[in-house]
Amino acid sequence: MSPTQKFATDDVRIKEIKALRPPSDFLDTLQASPKTVDNIVATRTAIHQVLHNADDRLLVVIGPCSIHDEAAGVEYAERLIEQRALYKNDLIIVMRVYFEKPRTTVGWKGLINDPDLDGSFNINKGLEIARRFLLEVNELGMPAGTEFLDTITPQYTADLVSWGAIG
């Protein structure tokens, strides 16, 4: 049997296969500025201190269920950063920036999986939008927290995340 030979049982439920761009494409073209890196490192350090009882502030991860409208998400970040500054002595505020909806069984699966909200599942576009959004929010000075659902997506975004949940 040749490696390209197909059987009637191969891929019977697969409509189409689209290759993902490698993470290095995104990391090379959508790089964080030194300001953004400093913000992420400082926030990760502060969170580490809270988790190890070396900082008595409260960690607050707050934001929408998932990002679907980038402009509204940036507006939210701009408003939240004001609160972050106001309560900086008592709270470490991190914006919840979830791009996927793993517990949704019917309907939209999130920005990464279906960025056009039309069932086209342009994941490459979704990954690029997600990375650009994280860059923009962090550049404002607002750290981001997200949920990691697999071992693939973090390769595209983890360097821009200050706090992560495993879903």
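Tabulated data
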| read-out | value |
| --- | --- |
| Unique match (being within 22 Å of Ala165 (Cα to Cα), small (Gly, Ala, Ser) and part of a helix (DSSP H, G or I)) among Ala42, Ala32 | Ala42 |
| Identity of the residue in the stretch 35-49, of a type in the set (A, V, I, L, M, F, W, C) and surrounded by 15 or more Cβ atoms within 10 Å (Cβ to Cβ), that ends up nearest to Leu135 (Cα to Cα) | Ile40 |
| Count - residues of the stretch 114-127 that are in contact with a Lys or Arg (Cβ under 8 Å, 6 or more places away or on another chain) and within 27 Å of Asp38 (Cα to Cα) | 1 |
| Contacts under 6 angstrom Cβ, first residue in the stretch 79-96 being aliphatic (A, V, I, L, M), partner in a strand (DSSP E or B) and exposed (fewer than 14 other Cβ atoms within 10 Å of the Cβ), 6 or more apart | Leu91/Leu58 |
| Counted residues, the stretch 141-156 - those being within 30 Å of Glu82 (Cβ to Cβ) and surrounded by fewer than 18 Cβ atoms within 10 Å (Cβ to Cβ) | 3 |
| Options Glu16, Glu70; residue that is surrounded by 10 or more Cβ atoms within 10 Å (Cβ to Cβ) and either of a type in the set (D, E, K, R) or at pLDDT below 90 (or both) | Glu70 |
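The values are calculated or read from the model by the stated rules, or taken from the named source; none is laboratory data. Source: prediction; values computed, not measured. No Cβ is skipped: glycine too gets one built from the backbone with ideal geometry, and neighbour counts run over all protein chains shown.
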